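To keep things clear, I will list the structure first and then write my remarks on it.
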Amino acid sequence: MSQNSIELRNYTNGNWTDSKSGEWLDVINPATTQKISNVPLSSADVVNKIVHNASAAFKDWRETPVTERIQYLFKLKNLLEENIENIARTITMESGKTIHESRGELRRAIENVEVACGAPTLLQGYNNEDIANGIDEMMIRQPIGVAAIICPFNFPAMIPFWFMPYAIAAGNSCIVKPSERVPNTMNLIFELIDELDLPDGVINMVHGDHHVASNLIEHPDVASISFVGSTAVAKKVYEKAAQHGKRVQASGGAKNPLIILPDADPEMTTKIVSDSAFGCAGQRCLAASLAVTVGDAKEKFRDLLSDRAKSLNVGYGLNEETQMGPVISAQSRSRIEKLLADQLTGDIDVLVDGRKPKGADLEKGYFIKPTILDNLPANHPLATTEIFGPVLSLMHVDTVEDAIELVNSGAYGNMACLFTSSGASARKFRYDAEAGNIGINIGVAAPMAFFPFSGWKDSFFGDLHGQGRNAFEFFTRQKVVVERWPSHWSRKF
Ligand code: NAD
């Protein structure tokens, strides 16, 4: 059944269904401020019904051979490939990122489907014969049940795919709750999922806000929670899910430092640091928010980064030449502007000020142009708070050791990067920096789908991350079987 109306609906048991809540939110295009759709805030009864459907689907789906389960994923990959342009336009319209960024995001989503198709191998356990005379032991992986996936706004297509293809390939059923701020992308993708003719209840979608998320976390028939969002919420989700006896992986926010040594390649480093800071308008959990120059790098990179920031073409992401779009909402823009207004103390220089940009289109949408602050003292609120906007703060230290100490003093640990032409410095940094994703001459160290999307400290609560082998481990329970089959029991036939 197709779902084209502006009032979005949930998806369960192969049908588009009503939320029955009577409560709706407007979904707004942040570049034009035009309304795109209404998203329902689903009621607790509706969540219960969807969990019931997913739970009912689990038994048969679990028994479906893995080689059959992945056939649906092969088909989904093809459908996503055929619809890249359409989905990318929707991502851009509701999230504000550029069409190039949207295509890239979708490519990462597809990559996760491809990796999940390796389930027959990746789900394998291991065994030993004769752990004692005539006794064998094996570990087998079994699915856990209903997996709930709660998503943030900044990657409407990619983040659900860190979890969903793995969950179902491993034999679980799942429920996706998209961010209420960007629900249209998943709605469009569920139009494609609808074409798969999966058994009823294997993949479901429920729209809503934190109430729906809480309903899922507290529901006794939900086995696991995969959450991505801000640290404050990730912590709460982790605690609440644990209280309800669930397996949980909760990714939080970030404040990513990029260290620039004097021997870094000027042109390449400037481009990469700038792309990391201002790509997706700084709304990436792997965005550079601190650029820490070491020694002589200070003077050189300050001007290069400022010139690059000023040159970026900011506008509506659907225009192919746009290099940076708006932030997600009026509230987000006000929050960033207020943070800067409140925290910009006298010793900080505003090298590039992108606040309140001029021009009819930029004044209408939720735009902040690239902004660069200089001379941030360590521990300053702007150096420790996740701004989640196009604001890059420059800090300066004397040695690599000082830079690593600064990296490790932060509360977050999503990513840390180093720019250098010295192998020894790179190795030291890789060895000592306390972050789950490390980039060496890379500005957005986003792991491919066959690596875990690692995060440390306040950027992640849990043990097993999304993507790759970690995902298969998260979505399965290990069962260890010890078997005795004495040889004298052998029958002669
Ligand atoms: P958010 O925390 O506001 O919301 C994320 C999701 O949680 C949404 O679906 C929302 O409905 C739900 N939610 C909100 N409050 C809740 C509550 N009290 N209980 C349960 N669920 C609740 O995050 P956001 O603004 O949508 O996304 C941006 C944040 O996500 C940034 O902090 C960013 O760094 C982070 N992020 C992290 C990663 C990562 O891998 N570490 C990736 C992407 C985004």
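The alpha carbon convex hull volume per residue for the range 93-188 rounds to 104 Å³.
What is the local net charge at Q71, summed over the other residues whose Cβ is closer than 13 Å to its Cβ (Lys, Arg +1; Asp, Glu -1)? Don't skip to the answer; put the middle values down first.
On the way: positive: R69, K75, K77; negative: E68, D197.
Counting the neighbours of Q71, the net charge comes to +1.
Helix 297-311 against the longest principal axis of the chain: what's the angle in degrees, Cα atoms only, rounded to the nearest 10? It is inclined by approximately 80 degrees.
Nearest 20 debye, what's the magnitude of the dipole of the chain about its Cα centre given +1 on Lys and Arg Cβ and -1 on Asp and Glu Cβ?
680 debye
May I ask for the percentage of alpha-carbon pairs in the chain that lie more than 29 Å from each other? So the portion of pairs separated by more than 29 Å is 52 percent. For the range 144-251, GluC sites (Glu not before Pro) meeting the loop criterion (DSSP other than H, G, I, E, B) and having at most 12 other Cβ atoms within 10 Å: E195. A250 sits among other residues whose Cβ lies under 12 Å from its own Cβ, and their net charge, with Lys and Arg +1 and Asp and Glu -1, is +2. Please report, as a whole percent, how much of the solvent-accessible surface of the chain comes from carbon and sulfur atoms (probe radius 1.4 Å). Looking at the chain in its full context, I get 49 percent from C and S. Relative to the longest principal axis of the Cα atoms of the chain, the long axis of helix 84-95 makes an angle of roughly 60 degrees. Straight Cα distances below 20 angstrom link K338 to the aspartates and glutamates D347, D349, D353, E363, D374, E386, with same-chain residues fewer than 8 positions distant left out. Considering only V292, N313, P326, the residue lying farthest towards the positive end of the dipole of the range 288-328 is V292, judged by Cα position with unit charges set on Cβ. If you add up the charges near K364, with Lys and Arg at +1 and Asp and Glu at -1, over every other residue whose beta carbon is less than 15 angstrom from its beta carbon, what do you get? Neighbour charge sum, excluding K364 itself: +3.
The calculated 222 nm mean residue ellipticity attributable to helices in the chain amounts to -11500 deg cm²/dmol, summing -39500 (n - 2.57) over DSSP H runs of n ≥ 4 and dividing by all residues. Accessible surface for H211 stands near 110 Å², nearest 10, in the context of the full protein assembly shown (1.4 Å probe). Distance from the C-alpha centroid of the range 255-316 to that of the range 431-493: 33 Å, rounded to the whole angstrom.
Take the residue pairs K236/K428; K300/K358; K271/K356; K59/K177 and return only those whose Cα atoms are more than 31 Å apart.
Working: K236/K428 35 Å; K300/K358 29 Å; K271/K356 24 Å; K59/K177 22 Å.
Among K236/K428; K300/K358; K271/K356; K59/K177, the Cα-Cα distance tops 31 Å for K236/K428.
Measuring with a 1.4 angstrom probe and ignoring ligands and nucleic acids, I70 comes out at about 10 Å² accessible. Size of the range 317-431 from its Cα atoms: along the principal axes, largest to smallest, the extents are 50, 36, 23 Å. Per residue, the chain exposes 42 Å² of solvent-accessible protein surface, assessed with a 1.4 angstrom probe and all protein chains in place.
Could you tell me which of I140, T269, A109 has its Cα farthest along the dipole of the chain towards the positive end, charges placed at Cβ (Lys, Arg +1; Asp, Glu -1), taken about the Cα centre? The residue sitting most towards the positive pole is I140.
The values are calculated or read from the model by the stated rules, or taken from the named source; none is laboratory data. Since the structure is predicted, the reported quantities are computational estimates derived from the model, not experimental observations. Ideal geometry is used to build each Cβ from the backbone, glycine not excepted, and the neighbour counts take in all protein chains shown. Accessible surface is based on the protein model in full, side chains and every heavy atom, while ligands, DNA and RNA are left aside. Shrake-Rupley method; radii C 1.70, N 1.55, O 1.52, S 1.80 Å.
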